[in-house]
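**Q** Quick one: the structure is below, and I'll ask about it shortly.
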Amino acid sequence: MEKNCLFCRIISGQAPAEFVYKNDVVVVFKDIYPKAPVHLLIVPKKHIRSINELSETDREIVSEMILTAKEIAKKNLISTTGYKLFFNVERGGGQEIFHLHLHLIGGWI
Ligand code: 5GP
Ligand code: ZN
């Protein structure tokens, strides 16, 4: 928990968000400025700044994020039509919130 991190504050309930899923490792909530009909963020509870800061011991977190994304896509009925999963990494990669998150976007068709 980093007290100046927006996503840590959302995870701990100190800032609001529209959650769609939570487990011991990750939470999923709606992006406040959706760039697609479905735009969800899969966020580990552990504060990790970006993909660059992942360590060998974070393997389980990364796989949980991807498997959760797959399940949430299915729940949102976009599995078959298709969707995008992506990480923005650091400023040059478009990252604005420096707490690791996987974007799940879709629902165009
Ligand atoms: P990044 O650019 O860091 O990969 O993505 C951060 C995402 O967080 C953006 O798509 C942005 O719209 C979203 N975002 C920024 N502030 C908030 C917020 O307060 N609540 C929620 N739910 N999403 C946010
Ligand atoms: Zn954080």
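The numbers here are math on the coordinates, done by the rules we state, and not lab data. This structure is a prediction, so every number in the text was calculated from the model and none was measured. Don't worry about glycine lacking a Cβ; one is built from the backbone with ideal geometry, like all the others, and counts go over all protein chains shown.
**Q** Working carefully through the options Ile51, Ile32, Ile72, find the one that is within 14 Å of ligand 1 (Cβ to nearest atom), under 22 Å from Ile11 (Cα atoms), of a type outside the set (Gly, Ala, Ser) and touching a residue at least 40 places away in the same chain (Cβ under 8 Å).
**A** Numbers: Ile32 fails: touching a residue at least 40 places away in the same chain (Cβ under 8 Å); Ile72 fails: within 14 Å of ligand 1 (Cβ to nearest atom).
Sole residue among the options that is within 14 Å of ligand 1 (Cβ to nearest atom), under 22 Å from Ile11 (Cα atoms), of a type outside the set (Gly, Ala, Ser) and touching a residue at least 40 places away in the same chain (Cβ under 8 Å): Ile51.
**Q** Let me ask something additional. Out of the stretch 1-54, which residues are of a type in the set (Phe, Trp, Tyr) and either within 11 Å of ligand 2 (Cβ to nearest atom) or buried (at least 17 other Cβ atoms within 10 Å of the Cβ) (or both)? Give the steps one after another, and end with the answer.
**A** Pass one, the stretch 1-54, residues of a type in the set (Phe, Trp, Tyr): 7, 19, 21, 29, 33.
Result: Phe7, Phe29.
**Q** Return yes or no: is Thr57 of a type outside the set (Lys, Arg), surrounded by fewer than 11 Cβ atoms within 10 Å (Cβ to Cβ) and farther than 15 Å from Pro44 by Cβ? Don't jump to the end; show me each part of the working.
**A** Numbers: of a type outside the set (Lys, Arg): yes; surrounded by fewer than 11 Cβ atoms within 10 Å (Cβ to Cβ): yes; farther than 15 Å from Pro44 by Cβ: no.
It is false that Thr57 is of a type outside the set (Lys, Arg), surrounded by fewer than 11 Cβ atoms within 10 Å (Cβ to Cβ) and farther than 15 Å from Pro44 by Cβ.
**Q** Has the stretch 7-18 got any residue that is within 11 Å of ligand 1 (Cβ to nearest atom), under 16 Å from Ile97 (Cα atoms), in contact (Cβ under 8 Å) with a residue 60 or more places away in the chain and part of a helix (DSSP H, G or I)?
**A** We begin by selecting, within the stretch 7-18, every residue within 11 Å of ligand 1 (Cβ to nearest atom); these are 7, 9-10, 15-18.
Right, trim to under 16 Å from Ile97 (Cα atoms) and you get 7, 9-10, 15-17.
Subset that is in contact (Cβ under 8 Å) with a residue 60 or more places away in the chain: 7.
Next, only the ones that are part of a helix (DSSP H, G or I) stay: 7.
The answer is yes, given that some residue of the stretch 7-18 is within 11 Å of ligand 1 (Cβ to nearest atom), under 16 Å from Ile97 (Cα atoms), in contact (Cβ under 8 Å) with a residue 60 or more places away in the chain and part of a helix (DSSP H, G or I).
**Q** Would you mind finding the one in Leu104, Leu77, Leu67, Leu100 that is aliphatic (A, V, I, L, M), surrounded by 12 or more Cβ atoms within 10 Å (Cβ to Cβ), more than 16 Å from ligand 2 (Cβ to nearest atom) and more than 12 Å from Leu40 (Cβ to Cβ)?
**A** Details: Leu104 fails: more than 12 Å from Leu40 (Cβ to Cβ); Leu77 fails: surrounded by 12 or more Cβ atoms within 10 Å (Cβ to Cβ); Leu100 fails: more than 16 Å from ligand 2 (Cβ to nearest atom).
None of the others qualify; the one that does is Leu67.
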